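The values are calculated or read from the model by the stated rules, or taken from the named source; none is laboratory data. Only a predicted model underlies this, so the values are computations on that prediction, with no experimental measurement involved. Neighbour counts run over all protein chains shown; Cβ positions are idealised from the backbone, glycine included. Note: accessible area is taken over every heavy atom of the protein model, side chains too, but ligands, DNA and RNA are not part of it. Shrake-Rupley method; radii C 1.70, N 1.55, O 1.52, S 1.80 Å.
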Amino acid sequence: MPVAPAAPVAAVPSATPAPTAHATPRPATGRAVFERMAERAVRPAGLARRAAARFLDSLVLAAVAAGVALPLLPEATAHIQAKVDAARVSGRTTTVWLVDGTIAGRLALVLGAVLVFGVLYEALPTARWGRTPGKKLLGVRVLAAATLRPPGFGAALRRWLVYALLGLPGALWALADRPRRRALHDRAAGTYVAR
């Protein structure tokens, strides 16, 4: 049986265009890369991680304070004991002030040493790299909220001083703050802590 030649079939256009050999994905622009990096940086650090970093940094500051105070302690104790003994010998009831010029001078020396060390240990590294040694160890950093970069020296110093004055009650503010979990010292300095 002879077979008839096949008639040409008309091509039906498809709804999707055929892939071309020249189609390549567009490379990421510098702006897109920056935006992705910024999105990752916006994630606030967890409160447990922040607390652990603060604990480590506080241990270092406490060790410095103890290192300065311990050599002064025998002299201060002897001074107070001499005042108590003099009051006892007088035979009358008298008030013995524990803090006088001598003791206040020793306390000022310890406080001054802690302040100088705090600037070198807390404020300068935070301003330069956004991290203290404790924060670096736990993988968190302090960023300026406006620029997503480490804060300037003034903001880093303000942040540390407000924390030193308010302590734990100011830090607990981060429990209620959303979404960046900023403590009062972060609000005062315009910063937040990111992972």
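A few notes on this one:
- Some residue of segment 126-145 being open to solvent by 80 Å² or more (accessible area, probe 1.4 Å), free of Cβ contacts under 8 Å to residues at least 40 places away in the same chain and either more than 21 Å from Leu61 (Cβ to Cβ) or within 12 Å of the chain's Cα centre (by Cα) (or both): yes
- Filter result (small (Gly, Ala, Ser), under 18 Å from Leu111 (Cα atoms) and either in contact with a His (Cβ under 8 Å, 6 or more places away or on another chain) or open to solvent by less than 60 Å² (accessible area, probe 1.4 Å) (or both)) within segment 52-99: Ser58, Ala62, Ala65, Ala66, Gly67, Ala69, Ala76
- Leu175 fulfils the conditions (1) farther than 24 Å from Arg195 by Cβ; (2) open to solvent by 30 Å² or more (accessible area, probe 1.4 Å); (3) aliphatic (A, V, I, L, M) except for a single criterion, (1).
- The one condition from (1) in contact with a Leu (Cβ under 9 Å, 6 or more places away or on another chain); (2) modelled with pLDDT of 95 or more; (3) not basic (Lys, Arg) that Ala171 does not meet is (2).
- Note on segment 151-163: residues that are assigned to a helix (DSSP H, G or I) and under 17 Å from Arg182 (Cβ atoms) amount to 8.
- Just one residue in the set Tyr121, Tyr163 is open to solvent by less than 40 Å² (accessible area, probe 1.4 Å), aromatic (Phe, Trp, Tyr) and at negative phi; that residue is Tyr121.
- Pairs are defined by a Cβ separation below 7 Å, a sequence spacing of at least 6 or placement on different chains, a first member in segment 151-167 that is without any contact (Cβ under 8 Å) to a residue 60 or more places away in the chain and more than 17 Å from Ala51 (Cα to Cα), and a second member that is in a helix (DSSP H, G or I) and open to solvent by 70 Å² or more (accessible area, probe 1.4 Å); no pair meets this definition.
- Subset of segment 107-118 (residues that are open to solvent by less than 40 Å² (accessible area, probe 1.4 Å) and touching a residue at least 12 places away in the same chain (Cβ under 8 Å)): Val110, Ala113, Val114, Gly118
- Meets criteria (farther than 30 Å from Ala87 by Cβ, open to solvent by 30 Å² or more (accessible area, probe 1.4 Å) and basic (Lys, Arg)) for Arg187: yes
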